[in-house]
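S.K.: Sharing a structure with you now.
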Amino acid sequence: MTLSDDERKRAVREALTLMLTALGSDHAFDEVFHDVSRSLVPQAPFDRIPPTTWDDLEARWYVRPRHTFGQQSYQLTAEGWIAALKVAKQFDTPEQRDRIVGLRRALVDLNKGRPPYGTLTDVTTLVSRSGLPRAWVESAIQSQLLTRWFPDDHVELELDRGMIRIPSRFGADELDFDPDE
C-alpha cells in the first residue's frame, strides 16, 4: 500500500511527537534509542507508524538508525529534536522562551569580561547557574537551539565531552559595516 504525501507527513509528525514524549524531561535527545520493531514486529508506542516513515525521518536527518539482529532502533538527531519540538507545538511556548532566556543569561554571566579565547565551563555548572533541567540544557546546546531563536547574534556554542566553550563574542551584535560608506 502506497501512502499519500499527507499520510506520510502525518506519520512523520506522529513519530517525532512519540519520540519527544518518550524522552520526557530526564533524557537528552542523544541518550535514548527508540525500539520501533523486534523480529519485524512493531513495538509500542510506535506500532501505528508505517515502516517507511523511518526512511523518511532518516532521509531528513531527523533520526540516526541503530539496528541489531532482529531489532530496529532510532535515535533523534539535533535536527530531529528541533523538528519534534516544532510538531509537538513546544518550540515557541512561553515556557520554552523562559528556558531559552534563562540559558542565554547564564551563558552571558559565565562569559563576563569576554576573555579573548572565550570561556570554558561544564554542563553541571551551567545547569546549576541557570536552574534549568540538565537534559534540556544538553539538548539545547547540542542542537544549537539558541541560534534558532537569535539568528543574528553570536550564540553558537561548542560542546565536547561535557565541556562547553562560550565564544568571547557570545551574544554580541554584529557590526553593521559597509565598505562603500
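S.K.: Do we have Val137 as under 24 Å from Leu23 (Cα atoms), under 20 Å from the mean Cα position of the chain (by Cα) and not basic (Lys, Arg) here? Spell out the reasoning first.
M.R.: Values: under 24 Å from Leu23 (Cα atoms): yes; under 20 Å from the mean Cα position of the chain (by Cα): yes; not basic (Lys, Arg): yes.
When the stated conditions are applied, Val137 passes them.
Residues checked against (1) under 25 Å from Ala140 (Cβ atoms); (2) under 13 Å from the mean Cα position of the chain (by Cα); (3) not charged (D, E, K, R):
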| residue | (1), (2), (3) |
| --- | --- |
| His27 | yes, yes, yes |
| Ser39 | no, no, yes |
| Asp56 | no, no, no |
| Arg60 | yes, no, no |
| Arg66 | yes, no, no |
| Ala78 | yes, yes, yes |
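S.K.: Look through Pro45, Pro94, Pro116, Pro51 and report the one residue that is within 18 Å of Leu146 (Cα to Cα) and either surrounded by 19 or more Cβ atoms within 10 Å (Cβ to Cβ) or out of contact with any Asp or Glu (no Cβ under 9 Å at 6 or more places or on another chain) (or both). Break it down into steps so the answer makes sense when it comes.
M.R.: Working: Pro45 fails: within 18 Å of Leu146 (Cα to Cα); Pro116 fails: within 18 Å of Leu146 (Cα to Cα); Pro51 fails: within 18 Å of Leu146 (Cα to Cα).
Criteria check complete, one pass: Pro94.
S.K.: How many residues, within region 52-64, are within 11 Å of Ala15 (Cα to Cα) and not aliphatic (A, V, I, L, M)? Steps first, answer last, please.
M.R.: Taking region 52-64 first, the residues within 11 Å of Ala15 (Cα to Cα) are 53-54, 56-57, 62-63.
Within this subset, residues satisfying the condition of being not aliphatic (A, V, I, L, M) are 53-54, 56, 62.
Looking only at that region, the number is 4.
S.K.: Give the residue that is farthest from Leu157 (Cα to Cα), with candidates limited to residues of region 97-113 that are surrounded by 16 or more Cβ atoms within 10 Å (Cβ to Cβ) and of a type outside the set (A, V, I, L, M, F, W, C). Before you say what the answer is, go through the steps one by one.
M.R.: Here is the first cut: in region 97-113, the residues surrounded by 16 or more Cβ atoms within 10 Å (Cβ to Cβ) are 99-100, 103-104, 106-107, 110-111.
Narrowing the set further to residues that are of a type outside the set (A, V, I, L, M, F, W, C) leaves 99, 104, 111.
Working: Arg99: 16, Arg104: 11, Asn111: 12 Å.
Only one residue tops the list, namely Arg99.
S.K.: Looking at region 54-75, which of the residues that are surrounded by fewer than 17 Cβ atoms within 10 Å (Cβ to Cβ) and of a type in the set (A, V, I, L, M, F, W, C) is nearest to Asp160 (Cα to Cα)?
M.R.: My answer is Trp61.
S.K.: What are the residue pairs meeting all of these: first residue in region 49-67, first residue over 13 Å from Val36 (Cβ atoms) and at pLDDT 95 or above, second residue surrounded by 15 or more Cβ atoms within 10 Å (Cβ to Cβ) and small (Gly, Ala, Ser), Cβ atoms under 7 Å, and 6 or more apart or on different chains?
M.R.: Listed by first residue and then by second, the contacts come to Tyr62/Gly80; Tyr62/Ala83.
S.K.: Just one of Thr147, Thr125, Thr121 is of a type outside the set (Gly, Ala, Ser), assigned to a helix (DSSP H, G or I), out of contact with any Cys (no Cβ under 7 Å at 6 or more places or on another chain) and in contact (Cβ under 8 Å) with a residue 12 or more places away in the chain; which is it? Even if it seems obvious, please write down each step before you answer.
M.R.: On the way: Thr147 fails: in contact (Cβ under 8 Å) with a residue 12 or more places away in the chain; Thr121 fails: assigned to a helix (DSSP H, G or I).
None of the others qualify; the one that does is Thr125.
S.K.: Tell me yes or no: at least one residue of region 142-162 is under 16 Å from Asp98 (Cα atoms) and among the basic types (Lys, Arg). So that I can check it myself, show each step before the final result.
M.R.: Start the filter on region 142-162 by keeping residues that are under 16 Å from Asp98 (Cα atoms), which leaves 145-150.
Then keep just the ones that are among the basic types (Lys, Arg); that gives 148.
Yes, the conditions are met somewhere in region 142-162.
S.K.: Let me ask something else about it. Only one of Val108, Val41 is assigned by TED's automatic domain parsing to the domain that holds Leu157 and out of contact with any helix residue (DSSP H, G or I) (no Cβ under 8 Å at 6 or more places or on another chain). Can you tell me which? Give the derivation first.
M.R.: Values: Val41 fails: assigned by TED's automatic domain parsing to the domain that holds Leu157.
When all the criteria are applied, what remains is Val108.
The values are calculated or read from the model by the stated rules, or taken from the named source; none is laboratory data. Predicted, not measured: the structure shown is a model, and the values here were computed from it. Using ideal geometry, Cβ is built from the backbone for each residue, glycine included, and neighbour counts are taken over all protein chains shown.
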